[in-house]
1. Just to be sure I understand, how many residues within the range 168-195 are at pLDDT below 85, under 22 Å from K83 (Cβ atoms) and assigned to a helix (DSSP H, G or I)?
2. As an exercise: evaluate A99 against (1) surrounded by 20 or more Cβ atoms within 10 Å (Cβ to Cβ); (2) closer than 26 Å to K114 by Cβ; (3) among the small types (G, A, S) and give the number of the one condition it does not meet.
3. Would you mind telling me which numbered condition in (1) surrounded by 14 or more Cβ atoms within 10 Å (Cβ to Cβ); (2) closer than 18 Å to A88 by Cα; (3) β-branched (V, I, T) I139 fails?
4. Of the residues E115, E125, E137, which is of a type outside the set (S, T, N, Q) and over 19 Å from the mean Cα position of the chain (by Cα)?
5. Of the residues I67, I74, I84, I59, which is farther than 26 Å from V185 by Cβ, assigned by TED's automatic domain parsing to the domain that holds Q167, touching a residue at least 12 places away in the same chain (Cβ under 8 Å) and not basic (K, R)?
6. Looking only at residues that are aromatic (F, W, Y) and more than 13 Å from the chain's Cα centre (by Cα) in the range 48-79, which one is modelled with the lowest pLDDT?
7. Would you please list the contacts, defined by Cβ atoms under 7 Å and residues six or more apart or on different chains, that run from a residue in the range 151-179 that is assigned by TED's automatic domain parsing to the domain that holds Y128 to a residue that is surrounded by 11 or more Cβ atoms within 10 Å (Cβ to Cβ) and part of a loop (DSSP other than H, G, I, E, B)?
8. List the helices (runs of 4 or more DSSP H) that sit entirely inside the range 1-91 and contain at least 2 residues that are loosely packed, with under 14 Cβ neighbours inside 10 Å.
Amino acid sequence: MKPNRKDKEHQIMEAALKVFNEYGFYKATIAKIAKEAQIGKGTVYEYFDSKKQLFEKSIIYIKEKFIDDCVELIKDEKEVRKKIILIAKYHGIFMQNHATTTEILLSNSALLSKEIIDSMMDVRESIYTFLMELLEEGIEKKEIRDDVDKKTLLLCIWGGIMTNYYQRMFLEKTKAEDIGTEDIVNTIFEGIGRS
């Protein structure tokens, strides 16, 4: 069966992400991406106008894939706290797998067009919506107090997860699997005040 256009596009983006991760944006070439994808260089240009466009679309692709992967990851888990821990651990592995791409984004935001920045914000809102639904599920199941400000809780949880992984992986050079994600989520769920 011949792959459809979307499958070929995904194949190219997956290859591009590997090449960007290995070489960085400036040393990555369309030729290296085509070789990784096991296609001709011209085929890449049938799908993407430039390396910059391919990079931008690949970023959106992996961010959207992140949400899909999280949904699949937690589908059989019943407890909301455990779902959030699973998502947090996956986020760490995801960041590790895309470390160079993340560093490119953090240090070269000028590479990104306004359209892609807007798209990334839309994906971030999708992540927030997904997490908010989990928090609402937790309130409904009485795992989370119903008197908390949900938006503040969402930002505390996601901000804590992201900052923890950024600090430990990029600044302290710790591997994702060696970072205690449960500590962050449990601290938020249990609170820090003394009764």
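1. 2
2. (1)
3. Among (1) surrounded by 14 or more Cβ atoms within 10 Å (Cβ to Cβ); (2) closer than 18 Å to A88 by Cα; (3) β-branched (V, I, T), the lone unmet condition for I139 is (2).
4. Numbers: E115 fails: over 19 Å from the mean Cα position of the chain (by Cα); E125 fails: over 19 Å from the mean Cα position of the chain (by Cα).
That would be E137, the only listed residue that is of a type outside the set (S, T, N, Q) and over 19 Å from the mean Cα position of the chain (by Cα).
5. Answer to the selection: I59.
6. F55
7. N164/I179; Y165/I179; R168/T174; R168/I179
8. The helices (runs of 4 or more DSSP H) meeting that bar are 5-27, 41-47, 51-74.
The values are calculated or read from the model by the stated rules, or taken from the named source; none is laboratory data. These numbers come from a predicted model, not from an experiment. Cβ sites come from the backbone with ideal geometry, for glycine too, and all protein chains shown count toward neighbours.
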